[in-house]
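The values are calculated or read from the model by the stated rules, or taken from the named source; none is laboratory data. Given the structure is predicted, the values throughout are model-derived calculations rather than measurements. Cβ placement follows ideal geometry from the backbone for every residue including glycine, while neighbour counts extend to all protein chains displayed.
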Amino acid sequence: MKETTDNNCNYCFRSLNYLGSKLRLLNFIDDQIKLVTPKSAGVCDLFAGSGCVSYKLSSHYPIVSCDVQYYSKVICNALLQRPHISKAFVDELMTRIRLKQESLIFRAFSELIRIENDAIEKCDLEVLASIIEFGSLEVFLKEQHESPISDAQKNAALKLTSFGIPGCESFISRHYGGVYFSYKQSVQIDIILSTIKECIADSEKDIFLAALLSTASDIVDTVGKHFAQPIKTRDAKGKIKSLVYNKAVKDKTLDAVDLFENWLNKYLFLPRSNFKHKIIQCDYIDCLKNLSDDIRTIYADPPYTRDHYSRFYHVLETIALGDEPEISNVKYNGSVRISNGIYRNDRHQSVFCIKSKALAAFETMFRIASTTHKTLLLSYSPYDETKNVHPRVVTMKQLVSLAKKYFPNVEIVSAGNFSHNKLNSSEHFLESSNEAELLIVCKGA
Ligand SMILES: C[S@@+](CC[C@H](N)C(=O)[O-])C[C@H]1O[C@@H](n2cnc3c(N)ncnc32)[C@H](O)[C@@H]1O
């Protein structure tokens, strides 16, 4: 399920907000699933992403939520599983986090925090742009690019070492501070993350991590609210865009700790059903092969463009995993540099995003779903040529003809007019139309 302007891939991890804004589409998916799913059966959300669809369906079916990314598992767990924590515990945790705001990591970054705050206050575009372009401490230490904040970066690096702060406790600040978040916010994220690791049992961690992922999605200082690339600070003539300041005021001044507390309370008091849900992180093939007989329906919303989704969410994956990944390099004008988006090296490359592999991947999905006697609802967003979006890797026509190879009943349902299109030339028309989200409904005999 995508936003209409999917060049932003902006169906993001502010998933509870998203649930509200996308209610009509979620209701449509829900209605279509109700039409094909027996009362006591379960449903698999095969590419669960932000977990919105899983959550919507979870009130009347047991759900299997699958995604290859760990952050999706964290969010789905938080949305679907009942937490065993009290409000009093949350309050205690928040006090602990707030007390840490005077801690050593804050002191290490204090000069950079002050410089950034001053630049926002004085609308100093030059400094604000430098912070986005060259602000990552790790990138600075490797590439040594001199800028108005270099001295403060050198001081921060010295303090981190002399204070003996372990690398895992400052990973977000060192890599993404200034670039995706303000320095202060990135330190707040590191502090929240290390407090979660310190104080919460593994079985209860996901609700806290999900609240932190939602917070990070709220505050990220990029145009599409994702992590594919930092703001482009300059126009074609090299002039700094006013967007740099406007976004900084809007995003970088948000308090990450206050937002985290709000999110935590939202997740804590979310209505949840009593069904037994299963949330797994794996490849779609492994999930399909292991689905139990009581799962009768599969809702599949794979990627359709060559933009690898993991680009948009790599920082969320790192926050969820709490690890210290290697950062990927790129060749630029003959020299090797750290990737502009500061991506994890092990970023997942989905077969659905690779033109030469996508059709075979869909065929495997149709084949396993049909041989295991499931009904498959495959989501498809037609390609709108009037918008600045990437064309689909596979066409509607290709998908429908593949589906017909494995399923005797294939029909297309549109979220726009809710009409059922019999299989004829409509699939060609739908390919490049402004049609809303489509579902290819594949049923057995
Ligand atoms: C279009 S998004 C799904 C959006 C989701 N329906 C929602 O509402 O947020 C596609 C998802 O497929 C996942 N994905 C990509 N390749 C995968 C694979 N081979 N196996 C499992 N999941 C995969 C991505 O991580 C991404 O979350």
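Hand me the list of strands (runs of 3 or more DSSP E) wholly inside segment 322-389 holding 2 or more residues that are at pLDDT 95 or above.
375-380
Before we move on, is Phe181 in the same structural domain as Gln101 (by TED's automatic domain parsing), surrounded by fewer than 24 Cβ atoms within 10 Å (Cβ to Cβ), under 22 Å from Ile149 (Cα atoms) and of a type outside the set (Asp, Glu)?
Considered against the rule, which asks whether it is in the same structural domain as Gln101 (by TED's automatic domain parsing), surrounded by fewer than 24 Cβ atoms within 10 Å (Cβ to Cβ), under 22 Å from Ile149 (Cα atoms) and of a type outside the set (Asp, Glu), Phe181 comes out as no.
Would you say Leu291 is within 16 Å of the ligand (Cβ to nearest atom) and touching a residue at least 60 places away in the same chain (Cβ under 8 Å)?
yes
Conditions (1) within 11 Å of the ligand (Cβ to nearest atom); (2) under 30 Å from Lys87 (Cβ atoms), marked per residue:
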| site | (1), (2) |
| --- | --- |
| Asn265 | no, yes |
| Cys287 | yes, no |
| Thr297 | no, no |
| Val315 | no, yes |
| Asn329 | no, no |
| Tyr332 | no, no |
| Ala360 | no, no |
| Ala369 | no, no |
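Determine if segment 37-44 includes at least one residue that is at pLDDT below 95, surrounded by 18 or more Cβ atoms within 10 Å (Cβ to Cβ), of a type in the set (Lys, Arg) and not assigned by TED's automatic domain parsing to the domain that holds Thr195.
Checking segment 37-44: not a single residue is at pLDDT below 95, surrounded by 18 or more Cβ atoms within 10 Å (Cβ to Cβ), of a type in the set (Lys, Arg) and not assigned by TED's automatic domain parsing to the domain that holds Thr195.
Within the group Ala129, Ala78, which residue is more than 16 Å from the ligand (Cβ to nearest atom) and part of a helix (DSSP H, G or I)?
Only one candidate passes the filter, namely Ala129.
Among the residues that make up segment 96-109, is at least one of them in contact with a Gly (Cβ under 8 Å, 6 or more places away or on another chain), closer than 30 Å to Asn329 by Cα and in a loop (DSSP other than H, G, I, E, B)?
no
Please verify whether segment 372-380 includes one or more residues that are more than 30 Å from His145 (Cα to Cα) and among the β-branched types (Val, Ile, Thr).
Yes, segment 372-380 contains a residue that is more than 30 Å from His145 (Cα to Cα) and among the β-branched types (Val, Ile, Thr).
Condition test on Ala236, is it out of contact with any helix residue (DSSP H, G or I) (no Cβ under 9 Å at 6 or more places or on another chain) and part of a loop (DSSP other than H, G, I, E, B)?
Considered against the rule, which asks whether it is out of contact with any helix residue (DSSP H, G or I) (no Cβ under 9 Å at 6 or more places or on another chain) and part of a loop (DSSP other than H, G, I, E, B), Ala236 comes out as yes.
List the number of the failed condition for Ser54; all other conditions in (1) assigned by TED's automatic domain parsing to the domain that holds Lys241; (2) touching a Cys at 6+ places or on another chain (Cβ under 8 Å); (3) among the hydroxyl-bearing types (Ser, Thr, Tyr) hold.
Among (1) assigned by TED's automatic domain parsing to the domain that holds Lys241; (2) touching a Cys at 6+ places or on another chain (Cβ under 8 Å); (3) among the hydroxyl-bearing types (Ser, Thr, Tyr), the lone unmet condition for Ser54 is (1).
Output the residues belonging to segment 39-57 that are part of a loop (DSSP other than H, G, I, E, B) and away from the ligand (no atom under 13 Å from the Cβ).
Those that are part of a loop (DSSP other than H, G, I, E, B) and away from the ligand (no atom under 13 Å from the Cβ): Lys39, Ser40, Ala41.
Kindly indicate whether Asp255 is in the same structural domain as Lys100 (by TED's automatic domain parsing), charged (D, E, K, R), crowded, with 19+ Cβ neighbours inside 10 Å and more than 16 Å from the ligand (Cβ to nearest atom).
Taking the combined requirement at face value, the residue does not satisfy it.
Can you tell which of Ser150, Ser103, Ser130, Ser110 is out of contact with any Asp or Glu (no Cβ under 9 Å at 6 or more places or on another chain), modelled with pLDDT under 95 and not charged (D, E, K, R)?
Criteria check complete, one pass: Ser103.
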